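This report concerns only the one structure given below.
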Amino acid sequence: MIKFNQVSKRYKNGVVGLRDNTISIEKGEFVFLIGSSGAGKTTFVKLILKEIEPSQGRIFLDGDDITKLHRRKIPYVRRKLGIVFQDFRLLPKMTVAENVAYTLEIVGGYSKRKIRSQVSMVLGVVGLLDKSNMKPHQLSGGEKQRVSIARAIINNPKVLIADEPTGNLDPETSWEIMKILRQINRRGTTVVMITHDKEVVDIMKKRVIELNDGKIIRDQMNGGYGYEG
Amino acid sequence: MIKFNQVSKRYKNGVVGLRDNTISIEKGEFVFLIGSSGAGKTTFVKLILKEIEPSQGRIFLDGDDITKLHRRKIPYVRRKLGIVFQDFRLLPKMTVAENVAYTLEIVGGYSKRKIRSQVSMVLGVVGLLDKSNMKPHQLSGGEKQRVSIARAIINNPKVLIADEPTGNLDPETSWEIMKILRQINRRGTTVVMITHDKEVVDIMKKRVIELNDGKIIRDQMNGGYGYEG
Amino acid sequence: MKVSYTLKETFKNLWRNRLMSFASITSVVATLIILGTIFILVLNINNVSEGAKDQFTSIEVYLEDGLDFNETESIGSEISALQGVKLSEYKEKNRALEEYKEQWGKDGYLLDGFADNPLPNSYVITLTKIEFADYVVKKINEIEGIEEVRYDKDFISKIISISEYIKTIGFILILILIAISTFIINNTIKLALDSRRTEISIMKYVGATNWFIRWPFVLEGTILGFVGAMISTGIMYVLYNYTYTILTSDFYSLIAVYLVGVDKVLSDSMVLFITIGCGIGALGSITSIRKHLDV
Amino acid sequence: MKVSYTLKETFKNLWRNRLMSFASITSVVATLIILGTIFILVLNINNVSEGAKDQFTSIEVYLEDGLDFNETESIGSEISALQGVKLSEYKEKNRALEEYKEQWGKDGYLLDGFADNPLPNSYVITLTKIEFADYVVKKINEIEGIEEVRYDKDFISKIISISEYIKTIGFILILILIAISTFIINNTIKLALDSRRTEISIMKYVGATNWFIRWPFVLEGTILGFVGAMISTGIMYVLYNYTYTILTSDFYSLIAVYLVGVDKVLSDSMVLFITIGCGIGALGSITSIRKHLDV
Ligand SMILES: Nc1ncnc2c1ncn2[C@@H]1O[C@H](COP(=O)(O)OP(=O)(O)OP(=O)(O)O)[C@@H](O)[C@H]1O
Ligand SMILES: Nc1ncnc2c1ncn2[C@@H]1O[C@H](COP(=O)(O)OP(=O)(O)OP(=O)(O)O)[C@@H](O)[C@H]1O
Ligand SMILES: [Mg+2]
Ligand SMILES: [Mg+2]
């Protein structure tokens, strides 16, 4: 589903985000991407999202080479992905419901009623039905994060990439989110989750890819957060 | 140091952030403020910071009643506080070093050399000396969080309030930060830390205040994250 | 892409960014009113100078002595048939003498002494346009029975060139103003949209195509420009109507004859305003979001 | 608060927001150039209308027949002594007749027949200002030895009121333009600063006082305004200098006499531009950050 072929990313200011990584994530997998702060995890996500271009190597998504892509085609790649951004990226002037619905509006072809029912459904899943009409600045950190999750899952993406989806959540809410991700994964969606939550990684027993200083230093099935797994 | 006297906060849209809480945090204490997403933790911080006004009750800081304060006096209250914001709040167009130095520039009376050495010192503490000249948008999530921490501690505040200072950090870096906070606390600074990190709370054995739905439901010395402590 | 979505989104955005919308519209109005005022001034100054100019176009054609009625008539109709001749009036030599007497005023009696009127009969010609003077004079000189054609060549050509000059200056002024207005409106819309670059980039990140994002912006810009144009037209109408009424009522009426009518001004400036307002509104938003779209 | 900090911060901000700075300056320049053009036009039209007006101020004073040299002289000096009289020229009756002959042109020989010149001697008076006409005529009528004073009262008062009218319109136009320019510049700076509200609120949250935040902004606004003003002055200078040279060189020189000098225009518009540019720059930034400061 996602394939990195000797991919490196060096930012304009000379900082290296990723160095020469080759990795393949198959359809339907559930992968934890871990590593210390600044290791390159978000860089990995941004490359798939086409927010940044790789300096070297090739990237494949869903069988297509997306390394070089015409600007016009980028939106269609992004629609295959559901992304939970580390910094949420909610539209500040839209309400929670509008933010979540936006993904469906973009794709088009949904009736008003269909959109409304889908939005209610996902907002219910993340427990924010009562905040539908609030603006992002009226939400707590964890609530913003959950809106971001709701938006990522609403159109059943082929791949769900979550950048620290539980970073601002208490353990209880975190587990609710993990349950949702597992459900989605069971329905066939490939899930890549970046996290610092040792407990979650250790308990879930999924594939773990560890980055350090831009380089993959571990790729382990049924792994844990530390080396002992 | 911080005293809440029957404080309630109801937001304009009717949502209740805090309901009728009375609490007192003494000088030199180290307090964990925990609670699920939307419990009112950030609301608590915003009230001390005078970002929002309480709907009811009185708030005292360092012996002064800050419930009603003339607009002009607010900056001087804020200078007593070091705050790590949940959403970082870095000045987007300044470099890391400028962001951190800004707190000293505001207070004034520091020489250029003094400012430069202080900035290097705190950036060294959070491990970001090599990113001094970068802009916030060039940083990873965890790096932004550490800049925010550096800025909060640079002018030796009387009270340090940290809203999820380790939310975006891997366990290792988290512990580095915890060490710094403990050090600062030992030097006499009152520390209030909001966190979802069970492990940290359990191991540190400090006073724990737990909020639920805007109400303090637990206030325990040497507490743990869960009730069993 | 549904039209209904675009429309809904546009109006929501106008409202969400109402301060910006207000600031943009007022800037558009301010700019267009400057443009409009100068436009009307130039239009009127042109008109007055055109009109005033044609007041100087009298040409006197002295006829030879002793022509009979038919000959005189035929010369008259030949002259009238010339292109550019508005009016040719026959002036009998006794009328001419009377006029001289009037000119002399109180000393007019001195002219009573002539036994025989020494003045010639003449035609006094008014032209439709002063520019025809040369041509008409040339043609008249070819007619038989003409003793002399009198007109002030230098004076006429000076007046023509001054009026040309006023027209050119006015035209250049308006062109410059249109350019500057375009620029200011474009700048305003650019600044207003710049605070929304985060919004635009987020939209791109969740998979919106450029045109999906652009349409509401373009429509927004167009509406801002359109509303600005309509308000300006309204204000210009009230102001000009007021001025016009004052000017035409009072003793200024000698200027008033040449003023451009309120309706014509209204329709001209409305076309100008709407073209500029909407055009630049739309173009401004397209160009100013272009750089933000590139993510 | 250190001055050095404010200065450093100001210039850093101008650079950090260079696109905004550029947009603001260009808008200021555009607005001021409109203002300046109209300002110069009004200045010159006023001047020309003032000058042209005084060309019409000739008053003819007919003297009684049979005054001797001394009497004539003393009337002349009495007239010259009147306030508002620029020049009084004695016209002997034979000169007057000659002039009539010239007027008659080819028919002038007809006037040769007079045995005795029937015209009176006269003084032809030029006034310094047309507004003195009434007063001067009244005074002259009191002088002994005057037969009649001739001037066109209606015409003069019409010309006075037209020139007043032009002046008033010009003045109002400039006032309106100053208001509109103020408005546009203020709006532009407001829009430019609006994208920095997050920045301002963050500054407040870490303990900055209002004035600590405000100073760099005020200075920034002032500098933007000042730079805009200087550029506009430069452009106006080049343009006006060019136009002036063309107008004074060529056959338009009859207008050119009344043109306002390049230096005067330059200094006047520089004062105007800098006042407006800096003033509104500073005021604009103060007012537009006020609402953001309230956190
Ligand atoms: N736009 C950018 N320009 C320059 N350097 C960047 C940029 N974005 C990230 N970096 C740098 O690249 C490195 C990897 O960043 P990345 O965001 O991928 O880290 P991360 O693994 O997501 O860390 P975290 O857990 O703290 O979010 C960091 O050192 C960071 O400073
Ligand atoms: N500006 C606001 N306007 C309206 N409601 C708000 C506002 N800020 C917060 N709230 C609401 O107040 C409640 C408490 O919010 P607060 O930010 O204090 O939560 P929190 O404990 O910090 O949660 P988290 O751990 O998710 O950050 C939430 O239900 C939130 O939606
Ligand atoms: Mg990251
Ligand atoms: Mg919070």
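The values are calculated or read from the model by the stated rules, or taken from the named source; none is laboratory data. As the structure is a computational prediction, the values presented were derived from the model and not from experiment. Heads up, the Cβs are rebuilt from the backbone with ideal geometry, glycines too, and the neighbour counts pull from every protein chain shown.
Elements of the type helices (runs of 4 or more DSSP H) sitting completely within the stretch D:1-106 and holding at least 1 residues that are modelled with pLDDT under 85, within 14 Å of chain B (Cβ to nearest Cβ) and surrounded by 14 or more Cβ atoms within 10 Å (Cβ to Cβ): these cover D:3-16, D:18-53. Residue selection: D:R150 fails the criterion of being within 14 Å of chain B (Cβ to nearest Cβ), over 21 Å from the mean Cα position of the chain (by Cα) and of a type in the set (D, E, K, R). The condition of being modelled with pLDDT of 95 or more and either part of a helix (DSSP H, G or I) or away from ligand 1 (no atom under 12 Å from the Cβ) (or both) holds for only one of B:M178, B:M193, that being B:M193.
Residues that are among the hydrophobic types (A, V, I, L, M, F, W, C) and farther than 25 Å from B:D87 by Cβ were ranked within the stretch A:104-161; the one that is farthest from ligand 1 (Cβ to nearest atom) is A:I115.
In the set (1) free of Cβ contacts under 8 Å to residues at least 12 places away in the same chain; (2) away from chain B (no Cβ under 11 Å), A:E29 fails one condition alone, (1). Over 19 Å from D:G281 (Cβ atoms), touching a residue at least 60 places away in the same chain (Cβ under 8 Å), away from every other protein chain (no Cβ under 11 Å) and crowded, with 18+ Cβ neighbours inside 10 Å - does that describe any residue in the stretch D:214-224? No, the stretch D:214-224 contains no residue that is over 19 Å from D:G281 (Cβ atoms), touching a residue at least 60 places away in the same chain (Cβ under 8 Å), away from every other protein chain (no Cβ under 11 Å) and crowded, with 18+ Cβ neighbours inside 10 Å.
Checking each residue in the stretch B:141-151 for being in contact (Cβ under 8 Å) with a residue 24 or more places away in the chain and either away from ligand 2 (no atom under 16 Å from the Cβ) or in a loop (DSSP other than H, G, I, E, B) (or both) picks out B:G142, B:K144, B:R146, B:V147, B:I149, B:A150, B:R151. Remark: pairs (first residue in the stretch B:187-212, facing chain A (nearest Cβ under 10 Å) and under 26 Å from B:N155 (Cα atoms); second residue among the hydroxyl-bearing types (S, T, Y) and within 16 Å of ligand 1 (Cβ to nearest atom); Cβ separation under 8 Å; 6+ apart in sequence or on different chains) = B:T195/B:T166. Scanning the stretch C:7-35 for residues that are closer than 11 Å to D:N187 by Cβ and of a type in the set (S, T, N, Q) yields C:S24, C:T26, C:S27, C:T31.
Residues in the stretch C:153-196 that are within 8 Å of chain D (Cβ to nearest Cβ) and either closer than 28 Å to D:S24 by Cα or touching a residue at least 40 places away in the same chain (Cβ under 8 Å) (or both): 14 in all. Taken over the stretch A:152-175, the criterion of being of a type in the set (V, I, T) and outside any helix (DSSP H, G or I) is satisfied by A:I154, A:V159, A:I161, A:T166. The residue list C:D134, C:D116 contains one member that is at pLDDT below 75, surrounded by fewer than 17 Cβ atoms within 10 Å (Cβ to Cβ) and of a type in the set (D, E), which is C:D116.
The rows are residues; the columns are (1) under 28 Å from A:F88 (Cα atoms); (2) more than 20 Å from the chain's Cα centre (by Cα); (3) modelled with pLDDT under 95.
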residue: B:F88; (1), (2), (3): yes, no, yes
residue: B:L91; (1), (2), (3): yes, no, yes
residue: B:V96; (1), (2), (3): yes, no, no
residue: B:G109; (1), (2), (3): no, yes, yes
residue: B:R113; (1), (2), (3): no, yes, yes
residue: B:G127; (1), (2), (3): yes, no, yes
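Per the conditions (1) within 23 Å of A:M178 (Cα to Cα); (2) away from ligand 1 (no atom under 12 Å from the Cβ); (3) without any contact (Cβ under 8 Å) to a residue 12 or more places away in the chain, the sole criterion not satisfied by A:A97 is (3). On inspection, A:T22 passes the criterion of being of a type in the set (S, T, N, Q), surrounded by fewer than 17 Cβ atoms within 10 Å (Cβ to Cβ) and either more than 16 Å from ligand 3 (Cβ to nearest atom) or modelled with pLDDT of 95 or more (or both). Of the residues in the stretch A:197-207, at least one is outside any strand (DSSP E or B) and crowded, with 23+ Cβ neighbours inside 10 Å. Taken as a whole, the condition of being under 21 Å from A:T43 (Cα atoms) and within 16 Å of ligand 4 (Cβ to nearest atom) applies to A:E164. Name, by its number, the condition in (1) aromatic (F, W, Y); (2) within 16 Å of ligand 2 (Cβ to nearest atom); (3) over 16 Å from the mean Cα position of the chain (by Cα) that does not hold for A:Y11. So A:Y11 meets the others, but not (2).
When the stretch B:1-14 is filtered for residues that are more than 16 Å from B:I216 (Cα to Cα) and crowded, with 17+ Cβ neighbours inside 10 Å, only B:M1 remains.
Condition (residue is buried (at least 18 other Cβ atoms within 10 Å of the Cβ), more than 25 Å from A:R186 (Cα to Cα), of a type in the set (S, T, Y) and more than 13 Å from chain B (Cβ to nearest Cβ)) applied to the stretch A:48-60: is it met by at least one residue? Scanning the stretch A:48-60 turns up no residue that is buried (at least 18 other Cβ atoms within 10 Å of the Cβ), more than 25 Å from A:R186 (Cα to Cα), of a type in the set (S, T, Y) and more than 13 Å from chain B (Cβ to nearest Cβ).
Take the stretch A:74-102 and flag every residue that is more than 16 Å from ligand 4 (Cβ to nearest atom), under 22 Å from A:F44 (Cβ atoms) and within 10 Å of chain C (Cβ to nearest Cβ). Those that are more than 16 Å from ligand 4 (Cβ to nearest atom), under 22 Å from A:F44 (Cβ atoms) and within 10 Å of chain C (Cβ to nearest Cβ): A:I74, A:P75, A:Y76, A:V77, A:R78, A:R79, A:K80, A:L81, A:G82, A:I83, A:F85, A:R89.
Whether a residue is more than 9 Å from every other protein chain (Cβ to nearest Cβ), within 16 Å of ligand 1 (Cβ to nearest atom) and in contact with a Ser or Thr (Cβ under 8 Å, 6 or more places away or on another chain) was assessed, and A:T166 does not pass this test. The criterion of at least 3 residues that are closer than 24 Å to B:R71 by Cα and in the same structural domain as D:G36 (by TED's automatic domain parsing) is met by the following helices (runs of 4 or more DSSP H) wholly inside the stretch D:199-295: D:210-249, D:262-293. Within the stretch B:39-58, residues that are in contact (Cβ under 8 Å) with a residue 40 or more places away in the chain have Cβ atoms under 7 Å from residues that are of a type in the set (F, W, Y) and not in a helix (DSSP H, G or I) in these pairs: B:G57/B:F4, counting only partners at least 6 apart in sequence or on another chain. Has the stretch B:131-151 got at least one residue that is within 9 Å of another protein chain (Cβ to nearest Cβ), away from ligand 3 (no atom under 16 Å from the Cβ) and crowded, with 22+ Cβ neighbours inside 10 Å? Yes, some residue in the stretch B:131-151 is within 9 Å of another protein chain (Cβ to nearest Cβ), away from ligand 3 (no atom under 16 Å from the Cβ) and crowded, with 22+ Cβ neighbours inside 10 Å. Residues in the stretch B:62-70 include none that are at the interface with another protein chain (Cβ under 8 Å from one of its Cβ atoms) and touching a residue at least 12 places away in the same chain (Cβ under 8 Å). Within the stretch D:166-185, identify whether any single residue is of a type in the set (A, V, I, L, M), under 27 Å from D:L67 (Cα atoms) and modelled with pLDDT of 80 or more, and answer yes or no. Looking through the stretch D:166-185, none of the residues is of a type in the set (A, V, I, L, M), under 27 Å from D:L67 (Cα atoms) and modelled with pLDDT of 80 or more.
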